[in-house]
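Take a look at the structure set out below.
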Amino acid sequence: MDWHRWHGDYDVPGSFLARRLEVVQAQLRLALDAAPPGPLTVVSLCAGEGRDLLEVLPAHPRRDDVRARLVELDPRSTAAAAEAIRVAGLTDVEVVEGDAAVTDQYQGLVPADVVLACGVFGNVVDADIERTVETCRQLSKTGGTVIWTRHRGAPDRVPAICGWFEERGFERVFVSDPEAGFGVGVHRFGGVPEPLVLGRSMFTFVRDL
């Protein structure tokens, strides 16, 4: 899969990705608006070009409160994200070129106020989705928000993913309408974060899933 080329659909008005991105960005703005005063941390798994965060944060009132880490394996995507960060002057946002599945990538920045897991769950098997949801108990602080996506193609796993979050102490905040054709979910963690276990892999991408 050429992930850099795939991102080009974000620039097509009305496309699946463009519409999904708008919803993710709206939910991210709400999460930042609702976050408590003071420093905030954000981590993004499989961040791609970072459009969800990097098109919201520059104009957001909390921009100077946010320290963020975007983790992405594709070097062209990380280069695009790094350039967007430079242009916006977001000195507390970093891009890490590496495997976003590995828990070590988030050391020092979790538990976080916002965890972005967009573009992950549609590319991994169910067991890996559930493992990632479980790991969000290590990535999210109490009251922290997880924003995630999953396609609505058969079998529609959005209801199951909601259940997996809710079984683990996350409260459902938002789920996009099935008629939208894509799934965007927002869950808030009401439990006590677990210590980050290093050296663990949350998921493996599967082609043609």
When the C-alpha atoms of the range 90-208 are aligned to their principal axes, what extent does each axis show, in angstrom, from largest down? 39, 32, 31
Net charge, Asp156 excluded, C-beta distance under 14 Å - Lys, Arg +1, Asp, Glu -1: 0
Relative contact order (percent) for the range 79-194, with alpha-carbon contacts under 8 angstrom and 6 or more residues of separation? 25 percent
Compute the FRET efficiency between His60 and Ala154 as 1/(1 + (r/R0)^6), taking r as their Cβ-Cβ distance and R0 = 45 Å, and round to the nearest 0.05. 0.75
On average, how much accessible surface per residue is there in the chain, in Å², for a 1.4 Å probe, leaving out ligands, DNA and RNA? 45 Å²
Alpha-carbon Rg with Dmax, taken over the range 7-86, Å: 12.8, 37
Relative contact order, percent, of the chain when contacts are C-alpha pairs under 8 Å separated by at least 6 residues? 21 percent
Carbon and sulfur atoms account, in whole percent of the 1.4 Å probe accessible area of the chain, for 52 percent
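The values are calculated or read from the model by the stated rules, or taken from the named source; none is laboratory data. It should be emphasised that the depicted structure is a prediction, and the values quoted were computed from it without experimental measurement. When we count neighbours, we look across all protein chains shown, and the Cβ atoms used for this are built from the backbone with ideal geometry, even at glycine. Side chains included, ligands, DNA and RNA excluded: accessible areas come from the protein's heavy atoms. Shrake-Rupley method; radii C 1.70, N 1.55, O 1.52, S 1.80 Å.
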